[in-house]
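So the structure is just underneath, and the comments pick up after that.
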Amino acid sequence: MPTRGQILLFKFGERKHLLDLQCGCVYMCPWRYFSDCERQSERDPDEGTHSWFNPKASSIVIDDHPLTSEGGTMSASLRFPDQRTKIFCASTLRPAVDRTPGSIFEDQIMKHGDHLLVIWNVASFLQKLQSEIENLKQRGIIRAYRPGLVEYFDPSSYDGDVGPFRKTKRYAFEREWRLMVQTTTKSDLPFTMQINPIEKQSKIIATDSFVNLIDRKDDGSVQFRI
C-alpha cells in the first residue's frame, strides 16, 4: 500500500473489538485506565498527570519550605481524579515525518493485540467522529472534545501542563494519536459512541502476518504491505 502525505492510524487489539470499531462502535477508556491497566506492557504510571513541575524552573514550597534539586527532589507532578475524560487512542504512520526505512513499529506496540486495524482514510473517520460528537453535544452528553497527536517530553527538564496529550519520552515509540472527550457526567466507566461504519476506509489483519516494514520510494511515497 503506497501513501504519500496523509496520516494513517493503526489500532491494535482483539479481532472482535476491531470488528466492532469497523462497524462504528468507538470504545473510549477512562483516562485513569491507562495508569491502572492490568497489562503491565501498556501501563503508564504517569497517565492522569495534569502538571509537571521541575525545580529548575518552578518553586515548590511545602509549609514555607522550598523543595530543591539539591535536596533530592528532581521533579514533582500534580494529579487529581478526572471522571469526565475518556480517550480513544491509536498509533500513527506519518509519511511526511516518519522517513526512516525499517520497522514501522517497535516490538512493544506489536504485542498490544493479536490483530490490527489500519485506517487509511483518516479524514473520513474524523468527519464521522465529529458528526456524532456534535450530536452528543447538542443532547448534553459531551461538553468538549479534542483530537490530536501526543507530544513527548523529557521529564528531567520539562516544566508545565501535561494532560492527556503529553507523555514522557519513554513512550515516544507509541507515536500515539488520541481522541479525547469530556462527558457532562462523572463516571469511572468507559464511554461508547456509535458512528457510521468505516469498513470501506480500513482493514483488519492478523498482527503476526503484518509486514512491519516501511520502504520510502524515490518519488517520496511510503510503501508497506498489508
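Per-structure values
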{"quantity": "Options L126, L116, L149; residue that is surrounded by 17 or more Cβ atoms within 10 Å (Cβ to Cβ), more than 15 Å from T85 (Cβ to Cβ) and touching a residue at least 12 places away in the same chain (Cβ under 8 Å)", "calculated": "L116"}
{"quantity": "Close pairs (6 angstrom Cβ cut-off, 6 or more residues apart or separate chains): over 15 Å from I109 (Cα atoms) in region 196-224, part of a loop (DSSP other than H, G, I, E, B) and modelled with pLDDT of 95 or more anywhere", "calculated": "N196/G24; P197/C23; P197/G24"}
{"quantity": "Exclusive hit being free of Cβ contacts under 8 Å to residues at least 24 places away in the same chain and over 24 Å from I205 (Cβ atoms), set Q138, Q182", "calculated": "Q138"}
{"quantity": "For G160: the one exception among (1) modelled with pLDDT of 95 or more; (2) on the phi > 0 side of the Ramachandran plot", "calculated": "(1)"}
{"quantity": "Test: residue in region 164-185 that is among the charged types (D, E, K, R), at pLDDT 95 or above and either farther than 26 Å from L19 by Cα or assigned to a helix (DSSP H, G or I) (or both)", "calculated": "no"}
{"quantity": "Cβ pairs under 6 Å, 6+ apart, first in region 21-32 and modelled with pLDDT under 95, second in a loop (DSSP other than H, G, I, E, B) and not β-branched (V, I, T)", "calculated": "C29/P190; P30/D188; W31/G48; W31/D82; R32/G48"}
{"quantity": "Selection within region 41-51 - under 17 Å from the mean Cα position of the chain (by Cα) and either outside any loop (DSSP other than H, G, I, E, B) or at pLDDT 95 or above (or both)", "calculated": "S41, E42, T49, H50"}
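The values are calculated or read from the model by the stated rules, or taken from the named source; none is laboratory data. All values reported here derive from a predicted model rather than from experimental measurement. With ideal geometry, Cβ positions are generated from the backbone for all residues, glycine too; neighbour counts draw on all protein chains shown.
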